[in-house]
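Asker: Handing you a structure now.
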Amino acid sequence: MATVLRERVPMGEDPLIRWDWVWNNLDDPILALLLEHLHLSLVPLLLGLGIALPVGIVCARWQRVYPWALTTVNILYAVPSIALFFLLLPYTSFSLWTAIIPLTIYSLVILLPNVTDGLRQVPDHVRQAAVAMGFGPIRRLVQVELPVATPAVIAGLRVAAVATISMVSVASLVGLGGLGQLILSWGFDRQFATPIVVGTVLSVALAFAVDGLLVLTQRWLTPWTRMAAPRRGPRIGGGDRWR
Amino acid sequence: MITFTGVSKRYPGGTVAVDQLDLEVPAARTTVLVGPSGCGKTTTLRMINRMVEHTEGHIAIDGQDIRARDPVALRRSIGYVIQQAGLFPHRTVQHNIATVPFLVGTTRRAALRRSAELMELVGLAPELAQRYPQQLSGGQQQRVGVARALAADPPILLMDEPFSAVDPVVRKSLQEELLRLQRELRKTIVFVTHDIDEAVRIGDAIAVFRPGGRLAQFDHPEHLLAEPVDEFVEAFLGYDRGVRRLSFFPASELQLRRAAIVDADHPAGAALGQARSKDEPWLLAVDSREHPLGWIHADTLANTAATTPVGELDLVRYGHVFTVSTDSLRAALDAAMLSPASRAVGVDRTGRVLGVVRQTDLSAAIWDAGGNGAAGTRAHG
């Protein structure tokens, strides 16, 4: 950290990326901030899913709840993120929760409609067949409705993951924000281009990687969605598109 | 036996789906509930496995009130086939079929073995076991639906418009398959449809519902077609019910004319003599295996050299034939109507000509059939 302070040079006179800086700072702060970024995106996503699943189940079951739940989440989403971070400071101070709570709320805006619509889109004849076969309500939910809704839920998770990973950086305004700190305090504040480039590239790469993992998860969880054409056995790769 | 006694279904808003239903569904038979949409036939079906709870009266299965049973346990003991099959998209064919065995805790091996047996029973190739439902045709999906309903070997099978979403050709083959299965399995089947032809084809008994959820008539199909109780039932059956009813009378009782058959290698002169002496203006030429070749009229024979073999003349197409032993009067009538000679050709199972029938012969047989309403053993086709 100390070396960097002395090397401060106005932006524009430096090359866009200085590999020696990258090499010298690989462990700290680059890797440390990357891990913090990952932490700050995954925890809100998991919390968001943990909230969206039960609330979505309730919304799909009792349709009148849904507009209320969606409006609540939307209003919270309308609060500017910067304001929300500062509003939370008195309660959570500079702990990670200051970033996690707003990010969780934002992921809900995407996840809640996806879970609810995914469950509502389970075809009526499938649901009725389940009732007629003698599935109780819980079993029907766990063994039929949630599995059938899984593609919609994962589609929501993918959008939410990319949005959250990109939004984590904003939390650098309150001293959090993982790779956002590379961009703001290491790069912008010191007029030094290299950390900005590194922070941006890593943030985008992280989004790609997490999205890729979610695609693989979906393939593993929902093999039937890739089986439209009459064909035998599972196939991986082949004609599948990266969507 | 399923007994409905004074059963009604009233919704909180005041809508009456089923109104004071008294009905005895016989065991080991196929009972069809038929009627226009909104007549309460599906509601009636769903009250049997308590997917819809009745608000008045009693429903009993073999004397036991269904209210005394836990709904989930009750449903597992009753097979259910739904419109569009209702297969689980996330489960393979074999797992779809094994749904109820898995629910009741059968071991995985036994459940999958049962699934394989049922696939064979309903005519699904074993290699389809690993497929997902969306990889199957509509007809195959319905077969999986039937197999799934039969998996726990329930004595009762409820079928809710199961074949309405497939094309007419597939529907006919599924109906025939169901008749074959039923001859083998002897389940108590309750089958809902809005298609009276389907009802007549597969039902041992038919319950016609009228709008407002009232039972209009409950009868054997042949009797229903002969004597609808009122104008509603008559209109619902359609104005060709008389012709339709002929499918209950076997063609085997027809008097077949053998004198109108002539060998293809017979000379025209001899054939003309046969036509005149037997008073048969149309003769049917047959080949050496007694398979039909075509019709020849006496006037044509008269204008031909007497030595020309009949087979070398310009024969008139014989149209389609009826199989004497298995077809009904309806099939024979249809064959006669479509024949240029106004005569139907009756054959045996191997295609050998047994004789021909004139439209006038058919009229007499139809007259007889109309005369004694209760007669007639079941013939298909």
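Asker: Can you give the relative contact order of the stretch B:251-371 as a percent, counting alpha carbon pairs under 8 Å and 6+ residues apart?
Answerer: Dividing the mean separation by the residue count of the stretch B:251-371 yields 27 percent.
Asker: By a straight-distance test (C-alpha under 28 Å), which lysines pair with residue B:187 as possible cross-link partners, with residues fewer than eight away in the same chain excluded?
Answerer: List returned: B:9, B:41, B:172.
Asker: Taking the Cα centre of the protein assembly as shown as origin, work out the dipole magnitude from +1 charges on Lys and Arg Cβ and -1 charges on Asp and Glu Cβ, in debye rounded to 20.
Answerer: 1420
Asker: Now for a separate question. Once you list every other residue whose beta carbon is under 15 Å from the beta carbon of residue B:307, what net charge do they have if Lys and Arg are +1 and Asp and Glu are -1?
Answerer: For residues surrounding residue B:307, the net value is -3.
Asker: Can you give the percent of C-alpha pairs in the protein assembly as shown whose distance is more than 31 Å?
Answerer: Result for the distance tail: 67 percent.
Asker: Taking Cα atoms, how many degrees apart are the long axis of helix A:193-221 and the longest axis of chain A, rounded to 10 and kept between 0 and 90?
Answerer: That works out to roughly 20 degrees.
Asker: For an R0 of 51 angstrom, estimate the FRET efficiency from the Cβ-Cβ distance between residue B:278 and residue B:195 and round to the nearest 0.05.
Answerer: FRET efficiency, residue B:278 to residue B:195: 0.70.
Asker: Next up: Quick check of the Kirkwood formula: for the stretch B:251-371, what is the inverse mean of 1/r over all pairs of different Cα atoms, in Å?
Answerer: Final number for the Kirkwood radius of the stretch B:251-371 is 14.3 Å.
Asker: Here is a follow-up. At q = 0.17, 0.18, 0.19, 0.23 Å⁻¹, what log₁₀ I(q)/I(0) does the stretch B:1-120 have when each alpha carbon counts as one equal point scatterer in the Debye sum?
Answerer: -0.97, -1.04, -1.10, -1.31
Asker: Mind checking which of B:192, B:347, B:274 is farthest towards the positive end of chain B's charge dipole, using Cβ charges of +1 (Lys, Arg) and -1 (Asp, Glu) about the Cα centre?
Answerer: B:192
Asker: Could you work out the relative contact order of chain B, using alpha carbon pairs under 8 angstrom and six or more residues apart, expressed as a whole percent?
Answerer: Dividing the mean separation by the residue count of chain B yields 15 percent.
Asker: Another one. Return the tail of the calculated pair distribution for chain A, meaning the percent of Cα-Cα pairs more than 22 Å apart.
Answerer: 62
Asker: Taking the alpha-carbon centroid of each part, what is the distance from the stretch A:83-98 to the stretch B:222-250 in angstrom?
Answerer: If we compute the Cα centre of each part, the gap is 80 Å.
Asker: Moving on. Report the chymotrypsin sites (Phe, Trp or Tyr not before Pro) located in the stretch A:101-204 that are in a DSSP loop and have at most 14 other Cβ atoms inside 10 Å of their Cβ, or state none.
Answerer: none
Asker: Give, rounded to the nearest 20 debye, the magnitude of the charge dipole that the stretch B:251-371 has about its Cα centre when Lys and Arg contribute +1 at Cβ and Asp and Glu contribute -1 at Cβ.
Answerer: About 120 debye.
Asker: Ok, one more. Using the Kirkwood radius over Cα pairs, work out the Stokes-Einstein diffusion coefficient for chain B at 10 °C and 1.306 mPa s, in µm²/s as a whole number.
Answerer: 67
Asker: Between residue B:129 and residue A:82, what FRET efficiency follows from the Cβ-Cβ distance if R0 is 51 Å, with the result rounded to 0.05?
Answerer: Working from the Cβ atoms, E equals 0.35.
Asker: Test of understanding: express the Cα radius of gyration of the stretch A:11-103 as a ratio to 2.2 N^0.38 Å, with N the residue count.
Answerer: In units of the globular-protein estimate, the stretch A:11-103 measures up at 1.57.
Asker: Further question on the same structure: Defining a contact as two alpha carbons under 8 Å apart and six or more residues distant in sequence, what relative contact order in percent does the stretch B:81-146 show?
Answerer: Worked out over the stretch B:81-146, it gives 50 percent.
Asker: Turning to a different aspect of this structure: Quick one: Cα centre-to-centre distance for the stretch B:109-187 and the stretch A:134-161, in angstrom?
Answerer: Here the two parts' Cα centres lie 27 Å apart.
Asker: Let me ask another. What's the FRET efficiency of residue B:326 with residue B:117 using the Cβ-Cβ distance as r and R₀ = 35 Å, to the nearest 0.05?
Answerer: So, using R0 = 35 Å, E works out to roughly 0.75.
Asker: Quick one: angle between helix A:124-133 and the longest Cα principal axis of chain A, in degrees between 0 and 90, rounded to 10, please.
Answerer: So the inclination is approximately 60 degrees.
Asker: Right, next: Looking at A:208, B:246, B:182, which one has the Cα that reaches farthest to the positive end of the dipole of the protein assembly as shown (charges on Cβ: Lys, Arg +1; Asp, Glu -1)?
Answerer: Value: A:208.
Asker: Report P(r) for the stretch B:65-197: all Cα-Cα distances, bin width 5 Å, range 0 to the bin holding the largest distance, values in whole percent.
Answerer: Histogramming the stretch B:65-197 at 5 Å steps yields 2, 11, 21, 24, 21, 13, 6, 2, 0 percent.
Asker: Treat every Asp and Glu Cβ in chain A as -1 and every Lys and Arg Cβ as +1, leave all other atoms uncharged, and give the resulting dipole magnitude about the Cα centre to the nearest 20 debye.
Answerer: The calculation lands at about 1300 debye.
Every number in this text was worked out from the coordinates using simple rules, so none of it is lab data. Every value quoted in this text rests on a predicted model; they were computed, and no experiment measured them. Neighbour counts are summed over all protein chains in view; Cβ atoms, including those assigned to glycine, are modelled from backbone coordinates with ideal geometry.
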